[in-house]
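First up is the structure itself, then whatever we jot down about it.
The values are calculated or read from the model by the stated rules, or taken from the named source; none is laboratory data. In this text the structure is predicted, and so the values were computed from the model without any measurement. Virtual Cβ from ideal backbone geometry, glycine too; neighbours counted across all protein chains shown. When the accessible area is computed, the model is the full protein with side chains, heavy atoms only, and any ligands, DNA or RNA have been set aside. Shrake-Rupley method; radii C 1.70, N 1.55, O 1.52, S 1.80 Å.
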Amino acid sequence: MKKYYTLLLSVFVTVLFSCTGNKEITSFVKVNNGYFEIDNKPYYFIGTNFWYGAILGSKGKEGDRERLLKELDFMQKNGINNLRILVGADGQDGIPSKVMPALQTEPGKYNEELLDGLDFLLSEMGKRKMYAVLYFTNSWEWSGGYSQYLAWTGHGKAPVPAVDGWPAFGKYVEQYASCDSCMILLKNHIKHIINRKNAYTNLPYMEDPAIMSWQIANEPRTFGDKNKELYKNWLKEIAAYIRSLDSNHLISTGSEGTAGSESDINLYESVHADPNIDYLTMHIWPKNWSWLDPQNISGTIDTCIVKTGEYMDKHIALARKLSKPIVLEEFGLPRDHHQYDSDDSTSCRDKYYESIFKQVLTHATKKDVLAGCNFWAWGGFGRPSCGHVFWEKGDNYLGDPAQEEQGLNAVFDTDNTISLIKKYDTKIKNLLVAAPIDKKCTPETLALFWKIKRTLDNGIMYGHQDDLAYGHNWYREQDRSDTKDVCGDYPALTGWEIGHVETGMEYNLDSIYFSDMKRYMKEAHQRGSINTISWHGDNIVTGNNAWDCKQDSVVRSVLPGGSNHEKYMVWLDRLAAFFSDLKDDQGTNIPVIFRMYHEHTGNWFWWCKEQCTPEEYKKLWIMTVDYLRNTKNIHHLLYAYSPTDVNTEDSFLERYPGDDYVDIVGFDCYAYGTKPEELKYYTEKMDKSLEVVCSVADKTNKIPIVGETGMEGIKYYTFFMEILYPILSKYPVASVLLWRNAFDKPDHFYAPFAGHPSCNDFKVFIKKPRILTCSNLKEL
């Protein structure tokens, strides 16, 4: 039995554009209409909290650049490219519940080794195309923040929550919102960091695209209803100050959401409506918020997921209202048995994480506002120390701050969570890597695009031209198929030809009535098969068929300004009418692949290379797509570019109309003769063409196919397993289409029919796990 990967086939309602490649970062993250963009392309992500990254990057005693580089490589490999990082801690070292070493030991006095560590971290992130969210200060004592600034400005000794209790700490830090001198110190700190030049890249921080966002604080809070207005004003003031220093980078608050806004959604909205704040943030802590029972994690995880969804939905609705992205930038969960080392399992945490990753994926499909998530926190290759629970000097940094149990929420490199992260990052990247060229394509067409795209992970769709309409020595028999007669299943891909539809005839050039063809196409679609259409349109100048190519002015004559342009538009109107009438039982247009003007690098059609220039061919293609898509509102086609066999990328792309006009790239190549040298010639042509097409597809984010192939009459009885399959199996192509089995020409067939000597060879070919037939697609 064939095995297949799980396939996510959603009906998407919005077309997405390509994401950036894997080159070093050169562009800033921007906001467009409620989502992030890089180079005008959507950016959605799964990231992590890596607050200690600059410490690892330092040359000091606590630094470990070897581990840092190992961590960054591992994260990049597994799909984590967005890191939320603490600029640095404040105050003197030695307080057990606070991060050590501190960056700002006194107001304006910096540990230069840590700043150098931040430089190094950002430079290495840029090399790996990773983006940093850098936060300046903190509500909580574990990095200084509010309480340290108050202590520096004469407000007395700062309470330590673990010693003095949370009420005392809250009473103390509620003074922060009205502390003007604290704001001055914070502004000085912000200015010092933003104006810094990276020692490794020589870039000022304000010009470094590896920085995605400046974040004002980690979980800024009012600490009391009376501070609401003051809280709102200082956040807006700091946001405006950051903007005055740096117009390149995004600005965010670091807010938890309503949980950090005295449960006041209006306060949260008022802050994030500020034009200097580019996107919203929210944090979720199921254990801290009593959604999770640490003594019964498996029994309360479903409740956590429900409450998390409700919390997210409330904030997502507000983000939509403000037309700004939102990021769930903190969320964490203990391991299954609330242990702290990597031996404890993570099934409940993974279930919880997956519920969040799914939401990010769903928003990416629609270019909706939930732009990403950063789980808390990255433990990576670090491990807890034996003999004590809380962090002590010399311990590994694990992502859990010093006041928390080390390993409590850490994600280690060996956790099953890593494969889950990679799985969803791959789904998001695949979604953003490519999309149909028609921005208004129907949901069914987008679903077809991804159905084909994802078959690349599963195998190669086998196709046959006119398979349902006729076969060897039969014509127009209901539910018949030569392929099905031989192997028991229909093709995954069924090819059709609409030549003569342009002239208004009732049947095509292969004697299939168009009314029958539409019915066959609907039947194939209902079975789960995919329909692909070629068009051998007549020569509009001579009135003869497409093979009449004695004149070299046909293409020129149908282009705008040409003598036959208006008549050709009428021909395209008839094509559009045919496409419009392709509907399922619910009246929805059936999406199809349109492989027009194919084999143009040959010399046998009126659109081939000897009959028109490369520019004329491109204009013909672009004119046709634009007319069908923009004028006739045909939005259920995927356009396939398919020259005859090619030797180089340059020759393949010579007449290529551009990435905005092609969904699928392929080629046509046939075997002629059974002599060893003839078979070798075919094998070499196929091999080179596949190499070229797959390379172009990879570079342009298109889908690679074999448009047409086969051996007329199949005179070499082991053609499929000895010749075709070994070539196909080397390359990631989505489909291979064999040409037709004529009903009225005994020697004109390309797929076996019952009783032909090649049947056994063909059956072995079809049963190969990488070859997909109709039933396989239905399973997917």
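In region 603-638, the residue that is nearest to VAL662 (Cα to Cα) out of those that are in contact (Cβ under 8 Å) with a residue 24 or more places away in the chain and of a type in the set (Ser, Thr, Tyr) is THR624.
I need the full set of residues from region 673-690 which are open to solvent by less than 90 Å² (accessible area, probe 1.4 Å) and acidic (Asp, Glu), in order please. So that I can check it myself, show each step before the final result.
Narrowing region 673-690 to residues open to solvent by less than 90 Å² (accessible area, probe 1.4 Å): 673-674, 678-679, 682-683, 685-690.
Answer for region 673-690, where residues must be open to solvent by less than 90 Å² (accessible area, probe 1.4 Å) and acidic (Asp, Glu): GLU678, ASP687.
Filter region 27-64 down to residues that are touching a Ser or Thr at 6+ places or on another chain (Cβ under 7 Å) and open to solvent by less than 10 Å² (accessible area, probe 1.4 Å) and give me whichever is nearest to GLU207 (Cα to Cα). Break it down into steps so the answer makes sense when it comes.
Here is the first cut: in region 27-64, the ones touching a Ser or Thr at 6+ places or on another chain (Cβ under 7 Å) are 33-34, 38-39, 41.
From the residues that got through so far, the ones that are open to solvent by less than 10 Å² (accessible area, probe 1.4 Å) too are 34, 38.
On the way: GLY34: 24, ILE38: 15 Å.
Among those residues, the one meeting the criterion is ILE38.
Among residues of region 165-193 being free of Cβ contacts under 8 Å to residues at least 24 places away in the same chain and more than 29 Å from GLN406 (Cα to Cα), the one that is surrounded by the fewest Cβ atoms within 10 Å (Cβ to Cβ) is ASP180. Residues of region 493-506 that are in contact (Cβ under 8 Å) with a residue 12 or more places away in the chain and either assigned to a strand (DSSP E or B) or acidic (Asp, Glu) (or both): LEU493, THR494, GLY495, TRP496, GLU497, GLU502. Applying the selection to region 127-147, what residues are more than 30 Å from VAL163 (Cβ to Cβ) and open to solvent by 10 Å² or more (accessible area, probe 1.4 Å)? Within region 127-147, LYS127, ARG128, LYS129 meet the criteria. THR601 falls short on exactly one of the conditions (1) over 30 Å from MET711 (Cβ atoms); (2) open to solvent by 10 Å² or more (accessible area, probe 1.4 Å); (3) assigned to a loop (DSSP other than H, G, I, E, B), and that condition is (1).
Cβ separations smaller than 8 Å between residues 6+ apart or across chains give the following pairs from region 39-51 residues that are without any contact (Cβ under 8 Å) to a residue 60 or more places away in the chain to residues that are part of a loop (DSSP other than H, G, I, E, B) and open to solvent by 10 Å² or more (accessible area, probe 1.4 Å): ASP39/THR20; ASP39/SER27; ASN40/PHE17. Being in a helix (DSSP H, G or I), touching a Ser or Thr at 6+ places or on another chain (Cβ under 9 Å) and either under 30 Å from PRO286 (Cα atoms) or open to solvent by 10 Å² or more (accessible area, probe 1.4 Å) (or both) holds for only one residue in ALA447, ALA435, and it is ALA447.
Mind checking whether some residue in region 278-287 is among the polar types (S, T, N, Q) and free of Cβ contacts under 8 Å to residues at least 40 places away in the same chain?
no
Taking region 65-164 as the region of interest, the strands (runs of 3 or more DSSP E) fully inside it that hold 1 or more residues being without any contact (Cβ under 8 Å) to a residue 40 or more places away in the chain are 104-106.
Scanning region 417-430 for residues that are among the β-branched types (Val, Ile, Thr) and open to solvent by 30 Å² or more (accessible area, probe 1.4 Å) returns a single hit, THR426.
Of all the residues in region 705-742, those that are of a type in the set (Lys, Arg) and either under 35 Å from the mean Cα position of the chain (by Cα) or open to solvent by less than 10 Å² (accessible area, probe 1.4 Å) (or both) number 1. So which residues in region 287-310 are exposed (fewer than 13 other Cβ atoms within 10 Å of the Cβ) and among the acidic types (Asp, Glu), if there are any at all? Once the filter is applied, which keeps residues that are exposed (fewer than 13 other Cβ atoms within 10 Å of the Cβ) and among the acidic types (Asp, Glu), region 287-310 yields only GLU310. Here the helices (runs of 4 or more DSSP H) wholly within region 507-597 that include at least 1 residues being under 31 Å from the mean Cα position of the chain (by Cα) and at pLDDT 95 or above are 514-527, 565-580. Among all residues of region 152-161, there is none that is out of contact with any Asp or Glu (no Cβ under 7 Å at 6 or more places or on another chain), open to solvent by 50 Å² or more (accessible area, probe 1.4 Å), at pLDDT 95 or above and of a type in the set (Val, Ile, Thr).
Would you mind stating whether LEU235 is without any contact (Cβ under 8 Å) to a residue 60 or more places away in the chain and either open to solvent by less than 10 Å² (accessible area, probe 1.4 Å) or in a helix (DSSP H, G or I) (or both)? Yes; evaluated as a whole, the condition is true for this residue.
Regarding region 563-579, can at least one residue be identified that is out of contact with any strand residue (DSSP E or B) (no Cβ under 9 Å at 6 or more places or on another chain), within 23 Å of VAL662 (Cβ to Cβ), open to solvent by 60 Å² or more (accessible area, probe 1.4 Å) and in contact (Cβ under 8 Å) with a residue 40 or more places away in the chain? No, region 563-579 contains no residue that is out of contact with any strand residue (DSSP E or B) (no Cβ under 9 Å at 6 or more places or on another chain), within 23 Å of VAL662 (Cβ to Cβ), open to solvent by 60 Å² or more (accessible area, probe 1.4 Å) and in contact (Cβ under 8 Å) with a residue 40 or more places away in the chain.
The helices (runs of 4 or more DSSP H) located wholly in region 663-780 that include 3 or more residues which are modelled with pLDDT of 95 or more and of a type in the set (Asp, Glu) occupy 676-700. Output the residues belonging to region 194-207 that are part of a loop (DSSP other than H, G, I, E, B) and open to solvent by 10 Å² or more (accessible area, probe 1.4 Å). Answer for region 194-207, where residues must be part of a loop (DSSP other than H, G, I, E, B) and open to solvent by 10 Å² or more (accessible area, probe 1.4 Å): ASN195, ARG196, ALA199, TYR200, THR201, ASN202, LEU203. Considering every residue within region 474-492, establish whether at least one is among the hydroxyl-bearing types (Ser, Thr, Tyr), open to solvent by less than 50 Å² (accessible area, probe 1.4 Å) and in a strand (DSSP E or B). No, region 474-492 contains no residue that is among the hydroxyl-bearing types (Ser, Thr, Tyr), open to solvent by less than 50 Å² (accessible area, probe 1.4 Å) and in a strand (DSSP E or B). Reported count of residues in region 713-766, each being more than 20 Å from GLY488 (Cα to Cα) and basic (Lys, Arg), is 3.
For the structure I just gave you, tell me whether ARG243 is open to solvent by 30 Å² or more (accessible area, probe 1.4 Å), touching a helix residue (DSSP H, G or I) at 6+ places or on another chain (Cβ under 9 Å) and at pLDDT 95 or above. Steps first, please.
Numbers: open to solvent by 30 Å² or more (accessible area, probe 1.4 Å): yes; touching a helix residue (DSSP H, G or I) at 6+ places or on another chain (Cβ under 9 Å): no; at pLDDT 95 or above: yes.
Criteria not met by ARG243.
Going residue by residue through region 622-640, is there one that turns out to be buried (at least 20 other Cβ atoms within 10 Å of the Cβ) and modelled with pLDDT under 95? The answer is no, given that none of the residues of region 622-640 is buried (at least 20 other Cβ atoms within 10 Å of the Cβ) and modelled with pLDDT under 95. Filtered by the rule that a residue be closer than 19 Å to ASN81 by Cβ, touching a His at 6+ places or on another chain (Cβ under 8 Å) and not β-branched (Val, Ile, Thr), region 323-340 gives LEU328, GLU329, GLU330, PHE331.
Tell me which residues, restricted to region 246-272, are assigned to a helix (DSSP H, G or I) and open to solvent by 30 Å² or more (accessible area, probe 1.4 Å).
ALA259, ILE265, ASN266, GLU269, SER270
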